[in-house]
Number of protein chains: 2
Amino acid sequence: VERKDAAFIASSLEGVDPADISLLLDEADSEQAKYVLEVLNNEISADVIEEFEEDTRKEFLNELSSEEIAQYIEEMESDDAVDAINDLPVRTREEVIAAIKDEESAAHIQELMRYDEDCAGGLMAKEMVVANVNWNIQQTIEEIRRQGENVEKLYSIYVVDDNEKLLGKVSVKKIILANAKTQIKDIYDEDIKSVETYLDEDEVADIMQKYDLVAVPVINLQGKLVGRITIDDIVDVITEQAEEDMQLMSGISNDVEEDDSIWAISKARLPWLLVGLIGGTFGAWAIGFFEGDLEKNAALAFFIPLVMATGGNVGIQSSTLVVQSLANKSAFEESFGRRVGKMLLVALLTGVVLAAISFGIVLWWKGGEEGLPSVVAISLICVVMLSSFMGTATPLILDKFGINPALASGPFITTTNDILGIIVYLAIANLLLL
Amino acid sequence: VERKDAAFIASSLEGVDPADISLLLDEADSEQAKYVLEVLNNEISADVIEEFEEDTRKEFLNELSSEEIAQYIEEMESDDAVDAINDLPVRTREEVIAAIKDEESAAHIQELMRYDEDCAGGLMAKEMVVANVNWNIQQTIEEIRRQGENVEKLYSIYVVDDNEKLLGKVSVKKIILANAKTQIKDIYDEDIKSVETYLDEDEVADIMQKYDLVAVPVINLQGKLVGRITIDDIVDVITEQAEEDMQLMSGISNDVEEDDSIWAISKARLPWLLVGLIGGTFGAWAIGFFEGDLEKNAALAFFIPLVMATGGNVGIQSSTLVVQSLANKSAFEESFGRRVGKMLLVALLTGVVLAAISFGIVLWWKGGEEGLPSVVAISLICVVMLSSFMGTATPLILDKFGINPALASGPFITTTNDILGIIVYLAIANLLLL
């Protein structure tokens with residue numbers, strides 16, 4: 001298919017969505033991709049480039065001259081253009097911006113590049129329809145016509161005063177149903193949610209989700225309307241956030257994917273594995289204290305894994321629940337004490353059930369031999385309580401210090417609970433069996 | 001504030017967003033909530049009820065008569081109305097539907113109740129603007145006016161033929177800019193993504209996310225347009241899905257939240273804790289086989305937790321990466337063999353690093369005593385390889401059988417790896433030390 005048959009490529013990709021072409025080309029090499037995109041029209045090619053995975057895009061843009069990149073960039077909305085430019089080496093960035101012919105879009109891109117990628121300013125696009133409060137519907141429709149080319153999706157028209165201060169919005173429905181002479185100031189809706197440029201992307205996501213918004217205007221400190229964020233970008237933020245939390249929980253320290261290099265994946269995995277190793281060493285050291293007990297009764301060692309694993313599981317369960325209720329900030333506003341207290345009650349209930357069952361198992365297997373069933377059962381209750389406490393308190397404390405609490409559901413809590421579990425179990429054995 | 005001062009409540013809540021009122025009332029008791037909502041106007045009250053947490057809503061609706069419920073239901077969009085009705089006991093449902101005065105919305109609700117909650121049919125709303133392909137713009141605007149009351153958010157107008165078969169869409173921008181006499185058939189866009197009623201909600205979310213859609217029309221098997229799904233419902237699906245995966249990973253078997261009852265939380269947590277307990281018992285039994293070795297050399301027991309914890313961590317890391325790349329279906333389409341092969345290379349690399357470090361630690365601490373450093377190091381490499389294999393293969397196999405692969409990142413893989421780790425470690429010790 002890639003044998004330079006331009007007409008065939010063009011006709012077979014006609015009507016195919018850019019998102020699908022992008023997937024197809026993600027697997028092809030950069031030169032083939034370049035050839036295909038030259039055959040397609042610039043607007044579709046720009047959409048395809050937007051949809052590329054970050055790695056593919058970097059590699060692909062590397063193959064192009066600054067002028068070629070600029071051509072594609074001009075077809076993108078300003079926020080996507082900035083994302084693409086940020087993938088380039090610093091020198092190429094300057095060249096590309098200089099090569100953009102449309103001065104307005106070059107200015108927009110330069111403005112947006114000033115903002116941090118993770119805040120509202122970094123998510124917003126400059127493309128939107130803005131109406132002055134003193135206009136009438138006819139003038140607004142003219143503005144829509146003028147902006148029409150740039151604004152792909154039209155949801156609301158934002159209303160500003162002469163100083164570009166955001167006053168409110170008019171829905172497209174009202175525009176369609178209104179008379180051409182109607183004044184904007186008579187029909188606009190003052191009740192509008194907006195976000196400041198410096199707001200963190202997670203908070204923007206929370207606000208848009210809470211109020212079911214498809215687009216939110218962005219204002220600067222002076223209240224001036226500077227851009228808008230659309231829901232598709234927020235959906236990506238939410239998905240990324242969830243992936244990041246999951247990776248934190250599983251002890252992967254960088255954002256890697258399965259198709260990254262072996263080296264990148266290993267590097268992302270080693271830090272927490274090392275923490276686990278050090279934890280394991282402390283565990284070994286703790287067991288060392290009780291070497292005498294173990295020599296007297298080797299069966300004691302049999303149940304170390306059982307107690308340890310239960311502590312680990314309980315800790316992760318508790319912290320996940322806390323992390324999730326922290327994420328729904330609104331859902332559950334209890335004091336630290338009450339949360340921990342409740343978790344301890346749950347722990348007591350589950351702990352007693354587990355202890356009873358394990359008492360039965362150990363009794364049946366080993367007999368009453370030297371009180372082993374009681375040691376295992378009592379240890380389990382203590383370990384479940386302790387792990388629950390750690391699992392509940394750690395994310396709450398991390399959150400207080402502004403650290404992502406999902407970290408606490410990962411290897412950190414498991415490692416800590418492992419060591420604590422071993423010590424508790426062997427200490428109880430030591431007390432009861434001597 | 002709740003001292004029945006109606007005027008005060010009404011004035012202080014004026015202009016407050018229903019989502020915020022809902023949060024406020026979530027904490028109040030049902031009777032107070034009922035009083036406040038009676039003071040507000042019906043439309044706002046309906047919005048507030050929509051935004052309630054499921055538990056609060058159930059409790060609250062319980063306090064109302066069927067007629068009162070019906071009044072609020074009439075103000076909701078059909079998809080939210082169905083969600084609210086589904087919270088009611090079966091008998092009340094019938095009464096409420098009978099009490100709805102608007103026959104059209106009663107019919108809509110009954111139609112939507114037929115669909116499963118987790119598929120496209122269960123997510124869609126009946127409120128949308130539909131234009132016949134033979135209309136002109138003027139007729140379409142009349143339709144928008146007629147539907148205007150019901151359709152809160154207007155994104156696209158769907159175009160159908162005389163048999164209500166979906167043909168395409170017209171953007172609101174085109175409607176605004178077109179001449180009143182323009183024929184729909186001359187300007188509509190045939191290129192439209194739609195979903196079938198039976199499509200699973202996760203797939204709907206994937207499609208909307210991939211193509212950056214804010215709304216997607218739903219068609220039945222005959223291609224007839226039956227409803228539309230808006231992005232706000234999909235954002236909820238994505239969030240819930242992420243929460244569910246996180247809970248699966250942490251071994252919580254029902255969907256519980258931190259503010260559920262102690263009993264509900266315990267019940268959701270016990271099943272996987274029991275699996276862990278049984279796993280621990282198998283582990284104990286495995287160690288029992290090597291009782292002789294342990295009695296000869298108690299120091300052997302010291303490193304059981306270290307080997308076990310490392311295996312557990314590696315398994316979770318591997319499976320999380322696989323689960324995430326399965327979630328981005330598009331991202332990485334490799335054969336089973338290549339995926340496992342790659343993961344084993346990563347495992348070899350990380351395993352060797354961990355082995356070298358642990359060799360150093362054990363050597364320094366225990367000396368060369370009976371080859372213990374080599375046993376720990378060799379075991380670590382084997383366990384890391386084995387756990388990686390399990391962590392990679394398990395989610396792929398679960399996915400093949402249509403089971404949510406996130407299950408494999410949880411206690412299931414940890415428990416399996418614990419037991420395997422113990423056996424590998426002690427077997428290697430047995431071989432090398434005898």
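The values are calculated or read from the model by the stated rules, or taken from the named source; none is laboratory data. Please read these numbers as outputs of a predicted model, since none were measured by experiment. For neighbour counting, all protein chains shown are included, and Cβ atoms are generated from backbone atoms with ideal geometry for every residue, glycine included.
Some notes on this structure:
- Scan of the range A:135-150 for residues that are touching a residue at least 40 places away in the same chain (Cβ under 8 Å) and facing another protein chain (nearest Cβ under 10 Å), ordered by number: A:ILE137, A:THR140
- Scanning the range A:255-273 for residues that are more than 7 Å from chain B (Cβ to nearest Cβ) and assigned to a helix (DSSP H, G or I) turns up A:TRP263, A:ALA264, A:LYS267, A:ALA268, A:PRO271.
- The residue that is farthest from the other protein chains (Cβ to nearest Cβ), counting only those in the range B:1-55 that are closer than 23 Å to B:VAL151 by Cα, among the hydrophobic types (A, V, I, L, M, F, W, C) and not in a helix (DSSP H, G or I), is B:LEU40.
- Hits in the range B:163-198 - residues which are within 38 Å of the chain's Cα centre (by Cα), on the phi < 0 side of the Ramachandran plot and of a type in the set (D, E, K, R): B:LYS165, B:LYS169, B:LYS173, B:LYS174, B:ASP189, B:GLU190, B:ASP191, B:LYS193, B:GLU196
- Residue count for the range A:282-322, restricted to those that are part of a helix (DSSP H, G or I) and more than 33 Å from the chain's Cα centre (by Cα): 22
- In the range A:234-254, residue surrounded by the fewest Cβ atoms within 10 Å (Cβ to Cβ) [restricted to those that are touching a Leu at 6+ places or on another chain (Cβ under 8 Å) and more than 9 Å from chain B (Cβ to nearest Cβ)]: A:VAL237
Table: residues versus (1) touching an Asp or Glu at 6+ places or on another chain (Cβ under 9 Å); (2) touching a residue at least 12 places away in the same chain (Cβ under 8 Å); (3) crowded, with 21+ Cβ neighbours inside 10 Å.
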| position | (1), (2), (3) |
| --- | --- |
| B:ALA46 | yes, yes, yes |
| B:GLU50 | yes, yes, yes |
| B:PHE60 | no, yes, yes |
| B:GLU67 | yes, yes, no |
| B:GLU74 | yes, yes, no |
| B:ASP79 | yes, yes, yes |
| B:VAL82 | yes, yes, yes |
| B:ILE85 | no, yes, yes |
| B:PRO89 | no, no, no |
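To keep it simple, each residue is scored yes or no on (1) buried (at least 20 other Cβ atoms within 10 Å of the Cβ); (2) within 13 Å of another protein chain (Cβ to nearest Cβ).
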{"site": "B:GLU164", "(1), (2)": "no, no"}
{"site": "B:VAL172", "(1), (2)": "yes, yes"}
{"site": "B:ASN179", "(1), (2)": "no, yes"}
{"site": "B:ASP186", "(1), (2)": "no, no"}
{"site": "B:TYR198", "(1), (2)": "no, no"}
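- Residues that are among the β-branched types (Val, Ile, Thr) and over 14 Å from A:ASP189 (Cα atoms) within the range A:133-167 comprise A:ILE137, A:THR140, A:ILE141, A:ILE144, A:VAL151, listed in sequence order.
- Some residue of the range A:271-291 being more than 22 Å from A:THR416 (Cα to Cα) and surrounded by fewer than 21 Cβ atoms within 10 Å (Cβ to Cβ): no
- Any hit, the range A:133-142, residues being closer than 30 Å to A:ASP200 by Cβ, in contact with a helix residue (DSSP H, G or I) (Cβ under 8 Å, 6 or more places away or on another chain), buried (at least 22 other Cβ atoms within 10 Å of the Cβ) and at pLDDT 85 or above: no
- Number of positions in the range A:276-323 that are more than 7 Å from chain B (Cβ to nearest Cβ) and among the polar types (S, T, N, Q): 3
- Matching residues, the range B:230-245, being free of Cβ contacts under 8 Å to residues at least 24 places away in the same chain and under 11 Å from the mean Cα position of the chain (by Cα): B:VAL235, B:ASP236, B:THR239, B:GLU240, B:ALA242, B:GLU243
- Taking every residue in the range B:8-23 that is under 12 Å from B:SER45 (Cα atoms) and touching a residue at least 40 places away in the same chain (Cβ under 8 Å) and pairing it with any residue that is among the β-branched types (Val, Ile, Thr) and surrounded by fewer than 18 Cβ atoms within 10 Å (Cβ to Cβ), at least 6 positions away or on another chain, yields no pair with a Cβ-Cβ distance below 9 Å.
- Single match in A:ASP29, A:ASP17, A:ASP80, A:ASP5 (criterion: within 25 Å of the chain's Cα centre (by Cα) and either modelled with pLDDT under 80 or closer than 23 Å to A:ASP233 by Cα (or both)): A:ASP80
- Among the residues of the range A:136-182, those identified as of a type outside the set (S, T, N, Q), farther than 17 Å from A:GLY227 by Cβ and part of a helix (DSSP H, G or I) are A:ILE137, A:ILE141, A:GLU142, A:ILE144, A:ARG145, A:ARG146, A:VAL172, A:LYS173, A:LYS174, A:ILE175, A:ILE176, A:LEU177.
- Some residue of the range B:213-229 being in a helix (DSSP H, G or I), touching a residue at least 12 places away in the same chain (Cβ under 8 Å) and farther than 30 Å from B:PRO271 by Cβ: no
- B:GLN222, sole failed condition from (1) surrounded by fewer than 19 Cβ atoms within 10 Å (Cβ to Cβ); (2) not assigned by TED's automatic domain parsing to the domain that holds B:ILE192: (2)
- Count - residues of the range A:74-103 that are in a helix (DSSP H, G or I) and either of a type outside the set (A, V, I, L, M, F, W, C) or more than 19 Å from A:ALA19 (Cβ to Cβ) (or both): 19
- Within the range B:222-236, the set of residues being of a type in the set (A, V, I, L, M) and either under 17 Å from B:VAL159 (Cα atoms) or touching a Cys at 6+ places or on another chain (Cβ under 7 Å) (or both) comprises B:LEU225, B:VAL226, B:ILE229.
- Residues that are under 30 Å from A:MET76 (Cα atoms) and without any contact (Cβ under 8 Å) to a residue 24 or more places away in the chain, drawn from the range A:151-188: A:SER171, A:VAL172, A:LYS173, A:LYS174, A:ILE176
- Entry remark, the range A:56-65: residues being touching a Leu at 6+ places or on another chain (Cβ under 9 Å) and more than 14 Å from every other protein chain (Cβ to nearest Cβ) number 4 in total.
- When B:GLY421, B:GLY371, B:GLY402 are checked against the criterion of being outside any helix (DSSP H, G or I) and either buried (at least 20 other Cβ atoms within 10 Å of the Cβ) or among the small types (Gly, Ala, Ser) (or both), a single residue qualifies: B:GLY402.
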